[in-house]
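Right, one structure below, let's go through it.
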Amino acid sequence: MKIIGFSAGSVGREGNVDRMVRAILEKSGHEVEFVKLADLKYSGCKGCVQLCAKPQVCRLPDDAQPYYQKVKEADAVVIGTPVYFDTITAMAWAFIERFFGYRHVDIPISGKPFVLVVGGALMLDSAVEQLHKVLGMFEVNVLDTVKYLSKVPPCFKCGRHKECEIGGMYHMFGDAAKEVTVTKEMFTRWEDDSEVAAAVAAAAEQLKNI
Ligand SMILES: Cc1cc2nc3c(=O)[nH]c(=O)nc-3n(C[C@H](O)[C@H](O)[C@H](O)COP(=O)(O)O)c2cc1C
């Protein structure tokens, strides 16, 4: 069995979403491949429909292109995304948009087992709903959705929270945000949340049994 996992986690570090996707893959016990979308140069679907219609796989030549054949061949797929602007990231959306290549005459990935991962600082529901909605177009079999609410807004890294009244930190703490000193401990990790750790293990268990 081969499982491929994609994470739209933040560039330049192993964030919570990356580590959740990796953990689910590793705990599944199957042959796995992990792909960090931020490391690839690619775009969303450009509508070159004549290229994908016959092979039923995206043919747009860029870094993402080889992975569409791998998704088709994989026994299961894991997709993880942070929440950006109350929905899935453009990285995840652009990647999934090109699943359009599979939607000609029939859907070769119909019924394929998928596990979804969503991580956000404040709100998860709209992104989870959006991810389910777009993948529903491809009739995949969503075995499980693992969610992690980190309470880590990007402001913890940006360094300007003491002068900001529009960011996630101000939203969370109000005026008190301006007095907060961001410490290492405030960067929560899913591994320290027993419910999320159990959800990760349960998702991996589902994949173990495919
Ligand atoms: C551009 C941007 C927009 C964001 N918008 C939201 C949001 O609307 N809701 C939310 O809960 N978190 C939001 N966040 C916070 C991210 O979801 C959070 O940092 C994410 O969990 C990071 O995941 P990672 O650690 O796996 O990279 C946003 C972050 C960025 C960079």
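Just so you know, all these numbers are worked out from the coordinates, no wet-lab data involved. Values in this document were obtained by computation on a predicted structure and should not be read as measured data. Note that each Cβ is placed from the backbone with ideal geometry, even for glycine, and that neighbours are counted across all protein chains shown.
At full extension, residue 197 and residue 31 could sit 57.6 nm farther apart than now, given 0.36 nm per residue minus the alpha carbon distance. In a DSSP loop and with at most 12 other Cβ atoms within 10 Å, the GluC sites (Glu not before Pro) in the stretch 1-97 are 14. Rounded to the nearest 20, the Cβ-based charge dipole of the stretch 30-69 about its Cα centre (Lys and Arg +1, Asp and Glu -1) stands at 280 debye.
For the chain, a crude dipole built from +1 on the beta carbon of Lys and Arg and -1 on the beta carbon of Asp and Glu, taken about the Cα centre, is about 600 debye to the nearest 20. For the chain, the Cα-based Rg and Dmax, in that order, read 18.0, 59 Å.
Fully extending the segment from residue 122 to residue 51 would add 21.5 nm, taking 0.36 nm per residue of separation and subtracting the current Cα-Cα distance. The ranking of 36, 157 from fewest to most other beta carbons within 10 Å of each one's beta carbon is 157, 36. 3J(HN,Hα) along the stretch 50-66: 5, 6, 8, 4, 6, x, 6, 7, 4, 10, 5, x, 7, 4, 7, 3, x Hz, from the Karplus curve 6.51 cos²θ - 1.76 cosθ + 1.60 with θ = phi - 60°, whole Hz, x for Gly and Pro.
Residue by residue, the stretch 200-209 carries 3J(HN,Hα) couplings of 4, 5, 5, 5, 5, 4, 4, 6, 4, 9 Hz when phi is fed to the Karplus relation 6.51 cos²θ - 1.76 cosθ + 1.60 (θ = phi - 60°); x denotes Gly or Pro. Amide H contacts under 5 Å for residue 6: 35, 78, 79, 80, restricted to partners 5 or more places along the chain or on a different chain, H placed in the peptide plane at 1.01 Å from N. Rounded to the nearest 500, the helix-only mean residue ellipticity at 222 nm of the chain stands at -9500 deg cm²/dmol, with each DSSP H run of n ≥ 4 adding -39,500 (n - 2.57). Sequence-distant contacts, meaning Cα pairs under 8 Å at least 6 residues apart, place the relative contact order of the chain at 21 percent.
Between residue 70 and residue 151, the modelled label-to-label distance comes to 3.6 nm, taking each label 7 Å out from Cα in the direction of the beta carbon.
Amide H contacts for residue 142 (H built 1.01 Å from N in the peptide plane; partners 5 or more residues away or on another chain; cut-off under 5 Å): 114. A simple charge model with +1 on the Cβ of Lys and Arg, -1 on the Cβ of Asp and Glu and nothing else charged puts the dipole of the stretch 30-150 at about 380 debye relative to its Cα centre. Each part gets one Cα centre, and for the stretch 195-210 versus the stretch 104-151 those centres are 15 Å apart. Per-residue Karplus couplings for the stretch 68-82, computed as 6.51 cos²θ - 1.76 cosθ + 1.60 with θ equal to phi - 60°, are listed in order as 6, 5, 5, 4, 4, 8, 5, 7, 7, 9, 10, 10, x, 8, x Hz, Gly and Pro entered as x. Set the bar at 25 Å for Cα to Cα. Now go through 36/162; 27/70; 41/147; 72/151; 2/36; 112/151 and name every pair that lies beyond it. Over 25 Å Cα-Cα: 36/162; 41/147; 72/151; 112/151. Would you mind checking the stretch 144-187 for residues with the amide N under 20 Å from a putative spin-label position 7 Å along Cα→C-beta of residue 86? Residues passing the 20 Å test: 148-155, 165-174. Hey, with R₀ at 41 Å, roughly what FRET efficiency would residue 189 and residue 104 work out to, going by the Cβ-Cβ distance, to 0.05? Step by step, r from the Cβ atoms, then E = 0.45.
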